[in-house]
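Colleague: Before we start, here is the structure in question, set down as structure tokens.
Derivation of every value follows stated rules applied to the coordinates shown; laboratory data play no part. Note that the structure is predicted; figures quoted are calculated from it, not measured. Using ideal geometry, Cβ is built from the backbone for each residue, glycine included, and neighbour counts are taken over all protein chains shown.
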Protein chains: 2
Amino acid sequence: MRKLLMTPGPFQVPQEVLNEMAEPLIHHRTAEYREIFKEVLQGLKVVFRTQNEVIILTASGTGAMEAAVVNSLAPSEKALVVMGGKFGERWGEICKAYGIAFEPIEVEWGKAVDPKEVERRLTPDVKAVFTTLCETSTGVAHDIEAIGSFVSRSGALLVVDGISAVGAVPCETDAWGIDLLVVGSQKALMIPPGLAFVAVSKRAWERIEKVGRRGFYFDLVKSRKAQEKVDSAFTPAISLVIALRKSLRMIQAEGIEQVWRRHATLARATRAGLQAMGLTLYSAAPSDSITAFVSPAGIDADEIRKRLQAGFGIYIAGGQESLKGKIARIGHMGYVSAADILMTLSALECVLLQMGVRFEPGKGVRAAEEVIAHASADRR
Amino acid sequence: MRKLLMTPGPFQVPQEVLNEMAEPLIHHRTAEYREIFKEVLQGLKVVFRTQNEVIILTASGTGAMEAAVVNSLAPSEKALVVMGGKFGERWGEICKAYGIAFEPIEVEWGKAVDPKEVERRLTPDVKAVFTTLCETSTGVAHDIEAIGSFVSRSGALLVVDGISAVGAVPCETDAWGIDLLVVGSQKALMIPPGLAFVAVSKRAWERIEKVGRRGFYFDLVKSRKAQEKVDSAFTPAISLVIALRKSLRMIQAEGIEQVWRRHATLARATRAGLQAMGLTLYSAAPSDSITAFVSPAGIDADEIRKRLQAGFGIYIAGGQESLKGKIARIGHMGYVSAADILMTLSALECVLLQMGVRFEPGKGVRAAEEVIAHASADRR
């Protein structure tokens, strides 16, 4: 059965990108690779909307999160961490591992942080604010533009986990004043997991130089020096960098703003479809990259997930931690089409029917069709 | 022009392994992936000759080196580091980054460490001995079996960088008492760079639990807990793990001991060939995975490297740091055949002829042929 990955990451990878990885391996210290690497570094800046250097690390996204923490804060320095989900909490766990005196800003799961609450907590001794653009565990989008408007005027760095969002939804790294933007490869960038990125502002470099604690593998200064010579500090995941050149070309051919519009439309269609089926959206501030919905009363969300997988080859994710069995999460970022959304919603209707959920079959798909049809009409 | 990677890593990847990476991406939290992951964890034990758990990290080999350091030593604890090359020195650099009081055991580049010198320096306060199986920068093999014979009886852990050796030359992890064995993916394991491995002994786990400092991304305890549930602590480089299943199957089909014999023969052929051309081997204790030779008087080794690449599509490596221009390094590990060696030596003869080096053309290739022909006869 053909499979469709509609998970919040890893997500689908275009076949033409996968094919790049089946080409004979080349060495990274060759003119051929350097050309590719240079193009990738430039392409990432376009997608991340930044003039800042983008450091490429061979690691999962969490590795890049650790790089952001360990390079920019000395032990006992104070940071604010916006919680509200598994990945907000991860910032806190990393800070803890490195002895950073972080203060959690608690946010109810499923809600976005109130920027005013961040502003209120932003005392002069805070050196960094850690937050998330899209919280993968809940599908919530935090208002980074609003948070950036005052953090950038403070002495603190704004550090954003953009892993499940950048390349799918607007992220104006420079205009919003994001000092350290962390991104992973396996989501909207349309390649498999294994690479992670950190876009570092001038202000962040100044602080990094001052802090002087950098670990070794995640030492951003060492990576920066290597990249200045179009090189990597350590042997890079060559195949993934080459795949990334291809996917960045695809993103740029479509145009990043059009990519954002596509995601906005498909997310709206997904939400409209789910709601028309009588389902409740979990997030009060949904990101256009992930849609989480609450399982109908008496129905195990994991059973929905399993049936979609077994019967239709469609992979969505369940809830994590306390949300296990209660919500399901549909990823729609990167290589996602209107057809993928319609197929997923229709298959979901079948599963709900099988499970005896009462709703009007076809209503969800129709609602999505209407969003998609009108959005296409708008573009003409 | 068809290319042949004869570098000391990354090395060639079989096409059937590359093809695995062009298959549609699967999610890592599925039964399908877990089966693959389980097989890979088992296959690595076979190749590493160990019953110890092997932790898989998404990182370059250096990331796994850092994991070995940060998990097993507290700040100010004492370690011995066998130097003698760029990668021996890297152990020292990582120790330094983490405040470990390491004592370098200086070894002349191109020479192997004297195990007696390690034994002499192994005072009771030493908590770990860091060394290298094959020093990539010089092609030297250190005698880990001899070092293990006394370190395993001491209170210190034996930590070995086996990146450019394991899977090519004998490495009896358990029999030699290696407590932390670090391996990379892009050498004898025949897949592209992006995964790294640490095989951890019972003794090492006990120490790790006691030390309690682990960083975050490279926290071996967290990875161990995830792997016990056939999971990864962070999103793994799925494509590379799947490629690794294929390459481990190939290694096991050939049989690891036969793989070692193949490398021994091809290394002997390479050395015989180079010496018959009148070239001097750089290493006094050459590893069967890498052969370094000294450039003839008045000849820039980098020019040899460049001509092999431009004229024949054959990639070898130059010398690093103070050896730049003075030596060249031929990798022969993993997916390497007798034909690859004969082709490389013959092309090298052409380049030396072009460059006006005086020697009897064909003599190097003939010497290699004799080694290979007789080795094949032995096996019949």
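Colleague: Net charge near residue A:354: determine it from the other residues with C-beta under 14 Å of the C-beta of residue A:354, scoring Lys and Arg +1 and Asp and Glu -1. Show your work: numbers first, answer last.
Modeller: Details: positive: A:305, A:306, A:307, A:358; negative: A:300, A:303, A:349.
Every neighbour counted, the sum reads +1.
Colleague: If we hang a label 7 Å off Cα along the beta carbon direction at residue B:355, how far is it from the matching labels on the other copies, in nm, shortest first?
Modeller: 6.8
Colleague: What nm distances, shortest first, do you get from the label point of residue B:230 to those in the other copies when the point sits 7 angstrom along Cα to Cβ?
Modeller: Label-point distances to the other copies, shortest first: 4.5 nm.
Colleague: Would you please give the residues with an amide H less than 5 Å from that of residue B:157, counting only those at least 5 places away or on a separate chain, with H modeled from the backbone geometry?
Modeller: B:128, B:129
Colleague: Rounded to the nearest 20 Debye, what is the dipole magnitude of chain B about its Cα centre when Lys and Arg each give +1 and Asp and Glu each give -1 at the C-beta? Mind dumping the intermediate values first?
Modeller: Numbers: 46 positive and 43 negative charges, 59 e Å.
With Lys and Arg at +1 and Asp and Glu at -1, about 280 debye.
Colleague: Now for a separate question. Tell me, how many Å apart are the Cα centres for the range B:284-348 and for the range A:253-322?
Modeller: Between the Cα centres of the range B:284-348 and the range A:253-322 lies a distance of 54 Å.
Colleague: On the Cα set of the protein assembly as shown, report Rg and Dmax in Å, please.
Modeller: Here Rg and the maximum Cα pair distance are 27.0, 88 Å.
Colleague: Find every distance from the label point of residue B:174 to the corresponding label point in the other copies (7 Å from Cα along Cα→Cβ) and write them in nm, one decimal, shortest first.
Modeller: Those separations, rounded to one decimal, come out as 5.8 nm.
Colleague: Now a separate question. Return the lysines within reach of residue A:45: Cα separation strictly under 20 angstrom, same-chain partners fewer than 8 residues apart disregarded; answer none if there are no such residues.
Modeller: A:187, A:202, A:222, A:225, A:229, A:246
Colleague: So, one more: Taking the Cα centre of each part, how many Å lie between the range B:141-206 and the range B:42-92?
Modeller: Each part reduced to its Cα centre gives a spacing of 8 Å.
Colleague: Using modelled amide H (1.01 Å from N, peptide plane; none on Pro or chain starts), what sits under 5 Å from the amide H of residue A:319, excluding residues fewer than 5 places away?
Modeller: A:325, A:326, A:327
Colleague: Mind checking the mean number of beta-carbon atoms from other chains within 10 Å of the Cβ atoms in A:180-191?
Modeller: Values: counts 0, 0, 0, 0, 2, 2, 7, 1, 0, 0, 1, 2.
Shielding by partners across A:180-191 averages 1.
Colleague: Another question about this same structure. Taking only the alpha-carbon positions of the range A:247-340 and ignoring solvent, what does the Debye formula give for the base-10 log of I(q)/I(0) at q = 0.19 Å⁻¹?
Modeller: -0.92
Colleague: With +1 on each Lys and Arg Cβ and -1 on each Asp and Glu Cβ, and nothing else charged, work out how big the dipole of the protein assembly as shown is about its Cα centre, in Debye to the nearest 20. Show your work: numbers first, answer last.
Modeller: Numbers: 92 positive and 86 negative charges, 50 e Å.
Taking the Cα centre of the protein assembly as shown as origin, the dipole is about 240 debye.
Colleague: Order these by the 10 Å Cβ neighbour count, fewest first: B:197, B:312.
Modeller: Numbers: B:197 27, B:312 19.
Neighbour counts put them in this order, fewest first: B:312, B:197.
Colleague: Can you give the average number of partner chain beta-carbon atoms within 10 Å of each beta-carbon in peptide A:216-223, as a whole number?
Modeller: Across the residues of A:216-223, the mean count of other-chain Cβ atoms within 10 Å is 5.
Colleague: Shifting gears a bit: Would you mind ranking B:220, B:352 by Cβ crowding within 10 Å, fewest neighbours first?
Modeller: So the residues, fewest neighbours to most, are B:352, B:220.
Colleague: Taking every pair of alpha-carbon atoms in chain B, give the share separated by more than 41 Å as a whole percent. Could you put the intermediate results ahead of the total?
Modeller: Working: 9125 of 72010 pairs.
Percent of Cα pairs beyond 41 Å in chain B: 13.
Colleague: Taking a ≥ b ≥ c as the square roots of the eigenvalues of the Cα gyration tensor of the range B:70-117, is the shape rounded (a/c under 1.5), prolate (a/b larger than b/c) or oblate?
Modeller: On the way: a/c = 2.96, a/b = 1.85, b/c = 1.60.
Cα axes put the range B:70-117 in the prolate bin.
Colleague: Ordered by residue, what ³J(HN,Hα) values in Hz, to whole numbers, does the range A:111-117 give under the Karplus form 6.51 cos²θ - 1.76 cosθ + 1.60, where θ = phi - 60° and Gly and Pro are x?
Modeller: After applying 6.51 cos²θ - 1.76 cosθ + 1.60, I find 10, 8, 5, 7, x, 4, 5 Hz.
Colleague: I need the phi-derived Karplus couplings for the range B:213-226: 6.51 cos²θ - 1.76 cosθ + 1.60, θ = phi - 60°, integer Hz, Gly and Pro marked x.
Modeller: So the J values, rounded to whole Hz, are 10, 9, x, 10, 5, 9, 5, 5, 5, 4, 5, 4, 4, 5.
Colleague: OK, next. How would you rank B:300, A:288, B:179, A:340, going from fewest to most other Cβ atoms within 10 Å of each one's own Cβ? Write out the running numbers ahead of the final one.
Modeller: Details: B:300 15, A:288 25, B:179 28, A:340 19.
Least to most surrounded, the residues fall as B:300, A:340, A:288, B:179.
Colleague: Sequence gap at least 6, Cα distance under 8 Å: using those rules, report the relative contact order of the range A:30-178 to the nearest whole percent. List each step's numbers first, then the result.
Modeller: Details: 231 pairs, mean separation 35.3, N = 149.
RCO, the range A:30-178: 24 percent.
Colleague: By DSSP, what percent of the beta bridges with both residues in the range B:15-254 are antiparallel, rounded to the nearest 5? Display every interim value, and only then the final one.
Modeller: On the way: 13 of 31 bridges.
Expressed as a percentage, antiparallel bridges in the range B:15-254 total about 40.
Colleague: What translational diffusion coefficient, in µm²/s and rounded to a whole number, does the Stokes-Einstein relation yield for the range A:44-167 at 10 °C and a viscosity of 1.306 mPa s, taking the hydrodynamic radius as the Kirkwood radius over Cα pairs? Walk me through the intermediate numbers first.
Modeller: Values: Rh = 14.6 Å.
Rounded to a whole number, D works out at 109 µm²/s.
Colleague: Can you work out the Karplus-derived ³J(HN,Hα) for every residue in the range B:176-189? Use 6.51 cos²θ - 1.76 cosθ + 1.60 with θ = phi - 60°, whole Hz, and x for glycine or proline.
Modeller: In residue order, the calculated couplings are 8, x, 7, 7, 10, 10, 9, 9, x, 8, 8, 10, 5, 7 Hz.
Colleague: Taking amide H atoms as placed 1.01 Å from N in the peptide plane, list the residues 5 or more away in sequence, or in a different chain, whose amide H sits under 5 Å from that of residue A:53.
Modeller: Distant-sequence amide H within range of residue A:53: A:200.
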